[in-house]
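Notes for the one structure printed next.
Please treat every number below as a calculation from the coordinates, not as lab data. In this text the structure is predicted, and so the values were computed from the model without any measurement. As a convention, Cβ positions derive from the backbone with ideal geometry for all residues, glycine included, and neighbour counts pool all protein chains shown.
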Amino acid sequence: MTATNKPEDAQVVVVGSANQDLTSYTSTVPVLGQTVMGQTFDTSCGGKGANQAVAAACLGMVPVRMVCRVADDVFGTELLENFSTIWNFAWYGCIANLREQSDINLHYCFSFIFGFFITGNTGVMYDESSTILSSRETSSGVAAITVDTKSGDNMIIVTPGANFVLSATDVRQELEKQKSTPPKVVLVQLEIKPEAALEALKVGKELGATTILNTAPAPEDFSIDDWYPHIDILIPNETELQELCKDAGVATDDEEAMAKYLIAKGVGKVLVTLGARGAMIVEESEAPGADIKVTMISAPDDLPCKNDKVEDTIGAGDAFCGALSTYLSAGLSLTDAATKACGVASMSVRKRGAQDSYPRGDALPDCLKLPAAVSSWESVAISRDHTASSRVHRRWHSDYIKVQFIWLSKNLRTLMMYTNIWEYRIEQKT
């Protein structure tokens with residue numbers, strides 16, 4: 001396993017879990033004590049933390065780092081190798097084009113590769129020395145998933161393994177590596193120990209980052225009431241919102257009232273994910289003395305896949321959280337970022353699996369791309385009117401272009417193989 005370069009430059013840092021997903025698809029979901037026959041079985045990389053990091057990195061807009069723990073076992077190896085494969089999709093796209101097109105399209109291939117180098121998408125970064133634990137100490141995390149093929153709904157049992165070895169001290173040490181180049185967003189979930197998750201929020205605040213807590217899975221045997229001052233954006237789904245407010249004396253069928261209760265408890269903003277209904281943002285109004293502002297959000301109306309069949313909902317919430325973090329880091333407002341994140345989540349449910357279903361930057365429809373003012377490409381264009389945000393983008397693009405050429409020099413043999421394929425196809429055509 002090889003770590004990618006310069007994780008301390010990440011603009012989005014995800015602190016959370018990495019699990020191997022073991023997924024069974026069945027038309028009959030078993031009840032307690034019942035055995036049923038499944039239809040298909042898949043293994044894939046997952047964990048809410050890793051899912052969100054991959055969803056953020058797949059968009060190819062900002063550098064993303066993962067703080068997690070895996071064991072030195074077969075699952076851990078696959079999980080970390082998967083982080084690095086995200087940035088190879090440009091190459092896969094080129095080869096797929098050569099294999100599937102009757103007419104060779106070198107312009108497409110080289111433009112894809114050139115765009116890859118310029119955008120600097122190097123997948124999910126991590127610190128190899130601290131991420132991998134001895135398999136004698138623990139095992140990598142595993143999630144056993146059952147998917148109802150009729151509805152697309154799922155049930156999940158998570159065995160945390162190495163994820164619960166990540167301590168609060170570990171988290172502080174990892175995040176403080178970015179004191180000189182602090183991230184814009186720190187994203188946390190609850191598949192790691194509560195004290196580690198809380199420390200991530202605290203350190204994120206200290207670094208000046210926007211702190212986001214996705215309350216998944218819902219806390220059952222501990223309270224997060226003391227966490228609220230450290231949370232800029234709280235993201236629960238409907239079930240998790242009810243769990244957070246079960247002792248609040250608020251009607252559990254009134255999502256708006258529950259979200260307002262959390263605002264009163266000290267949370268900066270509450271963003272409730274509502275499945276097919278989109279999301280709801282609840283925040284204090286900017287006008288002094290005004291009522292709390294409630295904004296309903298859904299995927300863009302012109303999203304091409306909006307009416308396509310839902311295959312399964314695994315990882316859709318993670319797709320939303322990861323995409324939201326990327327869009328916020330790229331400079332969008334919360335409303336605009338949440339709208340586009342709903343679109344990314346909507347695209348993800350049209351395919352099976354979690355990480356495999358997340359859209360790559362090159363596959364995004366126009367409605368989910370960044371506006372020119374904050375796009376990665378515009379940030380490296382020569383212009384007299386550079387904003388502070390574009391200067392930040394230019395700096396990390398410069399660093400990552402260097403990284404890509406280092407990778408290029410180390411993989412010359414592979415590139416020569418691709419060149420031979422192109423030459424062969426040209427000879428066949430002539």
Hey, which aspartates and glutamates would be in cross-link range of Lys309, C-alpha to C-alpha under 15 Å, not counting anything within fewer than 8 residues on its own chain? Asp148, Asp153
Roughly how many nanometres apart are two label points built 7 Å out from the Cα toward the Cβ at Gln173 and Ile156? 2.8 nm
Sequence-distant lysines (8 or more away, or on other chains) whose Cα lies within less than 22 Å of Lys48: Lys184, Lys193, Lys202, Lys205, Lys269, Lys340, Lys351
With both bridge residues required to lie in segment 225-332, what share of the DSSP beta bridges run antiparallel, to the nearest 5%? 75 percent
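So what is the relative contact order for segment 26-71, in percent, with contacts set as C-alpha pairs under 8 Å and at least six apart?
Values: 20 pairs, mean separation 11.1, N = 46.
Once normalised by length, the contact order is 24 percent.
Multiplying the sequence separation of Ser285 and Ser223 by 0.36 nm and subtracting their Cα-Cα distance, what value in nm do you get?
19.6 nm
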Which order do Val147, Val158, Val310, Val14 fall in if you start with the one that has the fewest other Cβ atoms within 10 Å? Val310, Val158, Val147, Val14
Can you put Phe164, Phe41 in order of Cβ neighbours within 10 angstrom, beginning with the fewest? Phe41, Phe164
Report ³J(HN,Hα) in whole Hz for each residue of segment 316-333, in order, from the Karplus equation J = 6.51 cos²θ - 1.76 cosθ + 1.60 where θ = phi - 60°; Gly and Pro get x. 5, x, 5, 4, 4, 5, x, 5, 4, 4, 5, 5, 5, 5, 7, x, 7, 5
Counting other C-beta atoms within 10 Å, which of Cys367, Cys68, Cys342 has the fewest, and how do the rest follow? Cys367, Cys342, Cys68
Rounded, prolate or oblate: which one fits segment 157-232, using the alpha carbon gyration tensor with axes a ≥ b ≥ c (rounded when a/c is under 1.5, else prolate when a/b beats b/c, else oblate)? oblate
Set of aspartates and glutamates near Lys179 by C-alpha distance (under 19 Å), chain-local residues within fewer than 8 positions excluded: Glu8, Asp9, Asp127, Asp170, Glu199, Glu206, Asp399
Checking the a/c ratio against 1.5 first, then a/b against b/c, what shape does the Cα gyration tensor give for segment 297-359? oblate
Whole-angstrom gap from segment 20-55 to segment 247-297, using each part's C-alpha centre: 32 Å
Which FRET efficiency value, to the nearest 0.05, is calculated for Arg277 and Arg136 with the Förster distance at 45 angstrom and r the Cβ-Cβ distance? 0.45
So what is the relative contact order for segment 143-275, in percent, with contacts set as C-alpha pairs under 8 Å and at least six apart? 18 percent
Got a sec to turn the phi values of segment 307-313 into Karplus ³J(HN,Hα) couplings, 6.51 cos²θ - 1.76 cosθ + 1.60 with θ = phi - 60°, whole Hz, x for Gly and Pro? 9, 6, 5, 7, 7, 6, 9
